Amino acid sequence: MPYREPDPEDPMQRVGVTIPVEDDSSCREMAECFAEEYARQGWNRRQLLEMFSSAFYSGPHLAWLQLGEEAVTEIVDQAVQMWKPMIDRQSENEKRTSNTIIDLPVIQT
Amino acid sequence: MSKSNGFSRRDFLKSCLVAGGGTVAAPGVKLWAFDVAEEFANPLAAYPERDWEKIYRDQYRYDDSFSWVCSPNDTHACRCMAYTRNGVVTRLGSQYDYETYADLYGNKATPNWNPRQCAKGYTFHRVVYGPYRLKYPIVRQGWKQWADDGYPSLTDELRTKYKFDARGQDTFVKIAWEDTFRYIAKGYQSIAKTYSGAEGAKRLLGQGYPKEMVDEMGEAGTRTFKFRGGMGLLGVIGKYGIYRLNNSMALLDAQIRGVGPDQARGGRNWANYTWHGDQAPGHPWVHGLQTSDCDFNDLRFSKLIIMDGKNLVENKLTDSHWFIECMERGGKIVVISPEYSPPSTKADYWLSIRPQTDAALFLGITRFMIDNKMYDEKFVKGFTDFPLLVRTDNLKRLRAAEVIPGYKSDLSKTGPSYKIQGFTDEQHEKLGDYVVWDQASNGLKAITRDDVGEKITKKGIKPALEGKFTVKIAGQDVEVMTLFEMYKVHLEDYDLGTVSEITGIAADQIERLARDIATIEPVAIHQGEGINHWFHATESNRASYLPLMLTGNIGKKGAGSHTWAGNYKAANFQGSPWTGPGFKGWVAEDTFNLNLDENAHGKDIKVGARCKGEEPAYWNHGDRPLIVETPKYGHKVFTGQTHMPTPTKALFFNNVNLFNNAKHAYDMFKNVNPKIDMIITADIQMTASVEYADFGLPANSWIEFEDLEITSSCSNPFLQIWKGGIKPVFDSKDDLAILAGVANAMADLTGDKRFSDNFKFENEGKRGVYIQRLLDSSTTTAGYKLDDLMAGKHGPPGGALLQYRTYPRIPFWEQINEDEPFHTDTGRMHAYSDIPEAIEYGENFIIHREGTEATQFLPNVIVSSNPYVRPDDYGIPRDAEHWDERTVRNIKLPWKDVKGTKNFLWEDGYRFYLLTPKTRHRVHSQWSTVDWHMMFDSNFGDPYRIDKRTPGVGEHQLHINPEAARDLGINDGDYVYVDANPADRPYRGHKPDDPYYKVARCMVRTIYNPAYPYNAIMMKHAPYIATERSVKAHETRKDGRALSEGTGYQANFRYGSHQSCTRNWHMPMHQTDSLFHKSKVYMKFIFGGEADNHAVNTVPKETLVSVTKAEDGGLGGKGIWATATTGKTPRAEDDTMKRYLDGGFIT
């Protein structure tokens, strides 16, 4: 049981456990997860890039700082390519439901 | 963490792919996601694997549950549910059954109390299972060496040898429980021997302790023992039980000094409520009661709620809905605070006040109301001291015996004074009776303390409210005046224009509030830490009552002046002649005459209090009382004999992060604690207090308790008894089991079995015996049977209503509705005090004084030209700078002259009031290391710790007005140094090149906050402070975390803390021997000091600081903090943000 020290293999563990990082690819994998997660919610390319570049989103922003703008842009472009149908559908929904353009959920910077 | 642990993120991703049975990678796209070439018509049908849904739906499943009480020092004591799976608590939730709580008469609570729980209650399992628990007993290596060397008497050299003067750098070693108890017992015996008798006294005098402190010991070495049950009401058995252990130390004294029970002494019981600065110290001066506080559901009956330095939004989370109900019912909300605070957002209007000028505000309101005849004359004559006559020669109230020849009092022995309140002949003889001018007979009439309300009318007396008269006393003509008449003179200094200048509030706003108080009914004023944490809180508290005394807003629903800072109310277990000793029967049972019959009724327990209360404030003041060498009188002792402390040589506290929460903490570590021979703390977590102790004893948490515990609250009517539902996660014990362990070891060491007999029923696993005795003998619980309560006869198992006269409980209901006297010497509410100390200090009238430090004007000056205020300045010059000289210097000046004075600190650049209120994300220091709370509590919360300078996943912050910051060249997010008076802070004797100075100097992040006035900054109270070990970790660990090596202590600061800037102040008005008031836990009266009741109330806000830039906020210490460059932060708004603030997104 995880009572003595944090145990990364215990799903009942109550405290965040650091995932080991062996090489630079881990950060890229994480960035790819962020990009995919939000692309699947319909965020477009501009919104995804703004998320990564915004200090308010500390996880993606950490990737932005470590990988650089060029690498993150590449990741975002791939995510947009993969999840284009979801992004398009979100855009259509916005057009149908509102005449007012509010650039949420990403805060403009 | 190495790969050898067998698990990495890459492994995880790979294993997911394998477990998922492969995936559908799209040609041409990298394998980091599924390729979606087209939309699925039915995604559910296409999913390859749906087992995850079961896990998702199952995540809240539990296989067992139990009820427990979340009992931090927040006054709520919410009963909650814990849900377990495989014996592990997986989540916590509210218990929606408050409508079932009943008393013996069948009264039930309203269901509107539901639900009761806040985010702290929801995350407590993260504390319990988290990495910061204290996991097993530990002892400091140096202390153990001292013990193993035979406890030699500690010289300065030996204190260095055994690292008593470097506790923060020593190491801890693991120790078995039985060895722990044995070492502690021997430590107590050794210390008591060392400091007992004439030799002990000589030794202490040689160490520099004042003679007054040493004399107070009466040669009992055990009097150097200090015990503190951290906010004992939070667990009456386990926490307050430490005072029972202390009482038993009289057995040790008897053995060492060879004295009998009549002379044997235990140690000193340290206070809680006053130590926290939570008491409203002015309350006993007005009505004689420790504190006025109503049940929270009384707030819905108010029509005007005034939050004066009170934040019911953030600090009363689970019960803040009651004041919202006041709003829903059409009531009005007014907030008085320097900053635009969370409750200000709910207010009808907000008065931004200069800190610590609240007394002036209420005096101005009072004058306006009197000038405009806005008062209830009948109430004023019946229940206040305004009609009583006061001599203008000596400023004492006129006594009946002075002017009525052959006077004989008609105070009845069957009246409420004697029969209910426990008034005694001796007290009556000392106090006498009082005099009014009777308009019916046009002459003097005596009145007793029972002559209140209708009773005075029935006597045919018609007191004059106004008038000046001449009476004969000892053949001499003496002028007397009604107090009301004197107040008209007194208030000449407090016209609206003057008060506006003093407070910074516009005159028309003051008038508006005065008219609201006069015309809206009922009115309640709620004062909190925002008021109580200032040096002159006494006057702010007293002044808040004046408008209510004029309008009769006392003793009825929705009315009164209340405060609920800290769950202090031991009086919920108050004793009485008709029920028995109550609380005292538990903490102070006669250790020489213990009742060992488990079937004994609580009323049969004999009390023999051989301990004495003491304020930790004295330890916090260099282990000194307030003694000043004055130019006029020489050596003058301002600490009353009823308050006098003794030297501190052994310190044992539980359930409290005492050092972390101590004002001037780094001075304690550096200059005070090295002289203490043994420091023991019992806690559930690794704290700064443990790091600077000799013993760290792991206690069980609320959900691990192995037997029953009991608590109640000052803000609700619920009696709560509970035990835990999971086995202790670590090698920890219940609080009472720890205390019993020490007692048993004392018995083994001394051969005196009575030590262990004090905990006989704990040792036998029958803790309920003590709880039943408590229930039997307390006025609010008499008649309850523990078995019935645990069987759920009066509510949920373990729950019931405390038996109050009214629901909601309304302070002074009996006084107003049944004409009982208030708990003062006159039996009336007091706008005046004629005790010698108050007259000498110039506070016989309620008055405004500037602070001793937090002011731009002459420190401690009295704003008055009233000829009936005659303070003594002791010859201390105006330019005296020592903190104690400023404390006692009483200079009276009218405002026009005060305006021209200066505070030397202000002139030296210390121009910020440092406000340190309590946060919604912790309770005192509890929850400080819960990851979620660390992130929520500050703008710098970051689970990724992008900036490796941050001490953890969160970081403490300083709120500052943007314009003030910019004037100092400080950008949003920069690190700054916060410094107070360099004469004594962060610790006395510091030098800039001292490595400890770097540890102790406060460095903190700034956050721009326009809600704060220019000269007021705010840092929340009681995060985990930086220690020598945490600073070393921060500077040497690769990841930069302030996580101490060896102890696992996690600090919330990189360097220093808010306690780097605070200090203790020994307020003279808190240390009188003359104030007559009610005892806190028994139906009787006392004169002078009582811990938590009339005692030094610490005042952390009495602090002026300077702010200077330390480091850039940007990554790597370069440039501006990235968030402040987004255009979404104060004073850096981009067009979108400006549009938002202007309401531009609203269509």
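The values are calculated or read from the model by the stated rules, or taken from the named source; none is laboratory data. Being a predicted model, the structure only gives us computed values, none of them experimental. Positions of Cβ are generated from backbone atoms using ideal geometry, with glycine treated the same way; all protein chains shown enter the neighbour counts.
Does B:Lys1118 meet the test of being under 25 Å from B:His664 (Cα atoms) and of a type in the set (D, E, K, R)?
Values: under 25 Å from B:His664 (Cα atoms): no; of a type in the set (D, E, K, R): yes.
In short, no.
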Within segment B:299-343, can you find the residues that are crowded, with 19+ Cβ neighbours inside 10 Å and of a type in the set (D, E, K, R)?
B:Arg300, B:Asp308, B:Lys310, B:Lys316, B:Asp319, B:Glu339
Regarding B:Arg159, is this residue within 28 Å of B:Ala1033 (Cα to Cα), within 14 Å of chain A (Cβ to nearest Cβ) and of a type in the set (Lys, Arg)?
no
Just for segment B:94-134: of the residues that are among the aromatic types (Phe, Trp, Tyr) and closer than 28 Å to B:Lys733 by Cα, which one is modelled with the lowest pLDDT?
B:Tyr129
Tell me, which strands (runs of 3 or more DSSP E) wholly within segment B:399-475 include 1 or more residues that are under 20 Å from B:Gln815 (Cα atoms) and at pLDDT 95 or above?
B:434-438, B:443-447
Scan segment B:714-736 and tell me whether some residue there is at pLDDT 95 or above and assigned to a helix (DSSP H, G or I).
yes
Name the helices (runs of 4 or more DSSP H) wholly inside segment A:42-94 in which the number of residues that are more than 9 Å from chain B (Cβ to nearest Cβ) and over 22 Å from B:Lys1128 (Cβ atoms) is 1 or more.
A:58-67, A:69-82
Segment B:517-625: helices (runs of 4 or more DSSP H) wholly inside it with 1 or more residues that are in contact with an Asp or Glu (Cβ under 7 Å, 6 or more places away or on another chain) and modelled with pLDDT under 95 are B:529-532
Working carefully through the options B:Lys918, B:Lys902, find the one that is assigned to a loop (DSSP other than H, G, I, E, B) and surrounded by fewer than 20 Cβ atoms within 10 Å (Cβ to Cβ).
B:Lys902
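Residue by residue, here is whether (1) under 36 Å from the mean Cα position of the chain (by Cα); (2) assigned to a loop (DSSP other than H, G, I, E, B) holds:
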site: B:His1077; (1), (2): yes, no
site: B:Asn1097; (1), (2): yes, yes
site: B:Ile1120; (1), (2): no, yes
site: B:Glu1133; (1), (2): no, yes
site: B:Thr1136; (1), (2): no, no
If you scan segment B:102-144, which residues turn out to be among the hydrophobic types (A, V, I, L, M, F, W, C) and either within 14 Å of chain A (Cβ to nearest Cβ) or not in a strand (DSSP E or B) (or both)?
B:Leu104, B:Ala109, B:Trp113, B:Cys118, B:Ala119, B:Phe124, B:Val127, B:Val128, B:Leu134, B:Trp143
Kindly check whether there is at least one residue in segment B:197-220 that is closer than 24 Å to B:Ala747 by Cβ, outside any helix (DSSP H, G or I) and within 31 Å of the chain's Cα centre (by Cα).
yes
For residues that are over 19 Å from B:Glu1102 (Cα atoms) and either assigned to a strand (DSSP E or B) or touching a helix residue (DSSP H, G or I) at 6+ places or on another chain (Cβ under 9 Å) (or both), tally how many sit in segment B:882-897.
5
One residue from B:Ser756, B:Ser732 being closer than 22 Å to B:Phe181 by Cα, touching a Pro at 6+ places or on another chain (Cβ under 8 Å) and of a type in the set (S, T, N, Q):
B:Ser732
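Of all residues in segment B:435-488, which are within 17 Å of B:Glu820 (Cβ to Cβ) and surrounded by 19 or more Cβ atoms within 10 Å (Cβ to Cβ)?
Taking segment B:435-488 first, the residues within 17 Å of B:Glu820 (Cβ to Cβ) are B:447-459.
Residues satisfying the conditions are B:Ile447, B:Thr448, B:Arg449, B:Asp450, B:Asp451, B:Val452, B:Gly453, B:Lys455, B:Ile456.
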Scan segment B:476-503 for residues that are without any contact (Cβ under 8 Å) to a residue 60 or more places away in the chain and assigned to a strand (DSSP E or B) and jot them down.
B:Gln476, B:Asp477
If you check B:Asp994 against the conditions, is it among the acidic types (Asp, Glu) and more than 14 Å from every other protein chain (Cβ to nearest Cβ)?
yes
Looking at segment B:671-696 only, could you name the residues that are aromatic (Phe, Trp, Tyr) and either assigned to a helix (DSSP H, G or I) or within 17 Å of B:Tyr195 (Cβ to Cβ) (or both)?
none
Matching residues in segment B:580-605 (farther than 22 Å from B:Phe755 by Cβ, surrounded by fewer than 23 Cβ atoms within 10 Å (Cβ to Cβ) and in contact (Cβ under 8 Å) with a residue 40 or more places away in the chain) number 3
So is B:Thr84 out of contact with any Pro (no Cβ under 9 Å at 6 or more places or on another chain), β-branched (Val, Ile, Thr) and over 23 Å from B:Leu708 (Cβ atoms) or not?
no
Does A:Ile101 satisfy the condition of being within 13 Å of another protein chain (Cβ to nearest Cβ), crowded, with 17+ Cβ neighbours inside 10 Å, modelled with pLDDT under 90 and under 30 Å from B:Thr1147 (Cβ atoms)?
no
Failed criterion for B:Gly364 (all others in (1) part of a loop (DSSP other than H, G, I, E, B); (2) small (Gly, Ala, Ser); (3) in contact (Cβ under 8 Å) with a residue 40 or more places away in the chain hold):
(1)
Please give the helices (runs of 4 or more DSSP H) falling wholly within segment B:773-870 in which 1 or more residues are hydroxyl-bearing (Ser, Thr, Tyr) and at pLDDT 95 or above.
B:836-841
Can you confirm whether segment B:1100-1108 contains a residue that is more than 30 Å from B:His1070 (Cβ to Cβ), assigned to a loop (DSSP other than H, G, I, E, B), more than 10 Å from every other protein chain (Cβ to nearest Cβ) and of a type in the set (A, V, I, L, M, F, W, C)?
no
Within segment B:669-705, residues among the acidic types (Asp, Glu) and more than 24 Å from the chain's Cα centre (by Cα) come out as B:Asp677, B:Asp694, B:Glu704
Name the single residue, out of those in segment B:454-484 being farther than 14 Å from B:Gln439 by Cβ and of a type in the set (Asp, Glu), that is nearest to the chain's Cα centre (by Cα).
B:Glu454
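Per-residue answers, yes or no, for (1) more than 27 Å from B:Pro581 (Cα to Cα); (2) touching a residue at least 60 places away in the same chain (Cβ under 8 Å); (3) away from chain A (no Cβ under 14 Å); (4) among the small types (Gly, Ala, Ser):
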| site | (1), (2), (3), (4) |
| --- | --- |
| B:Ser1060 | yes, yes, yes, yes |
| B:Lys1078 | no, yes, yes, no |
| B:Ile1120 | yes, yes, no, no |
| B:Thr1126 | yes, no, no, no |
| B:Lys1138 | yes, no, no, no |
By residue number, the members of segment B:1030-1051 that are over 20 Å from B:Pro698 (Cα atoms) and touching a helix residue (DSSP H, G or I) at 6+ places or on another chain (Cβ under 7 Å) are B:Val1031, B:Gly1040, B:Arg1041, B:Ala1042
Residues that are more than 21 Å from B:Ser1079 (Cβ to Cβ) and surrounded by fewer than 24 Cβ atoms within 10 Å (Cβ to Cβ), drawn from segment B:556-579
B:Lys556, B:Lys557, B:Gly558
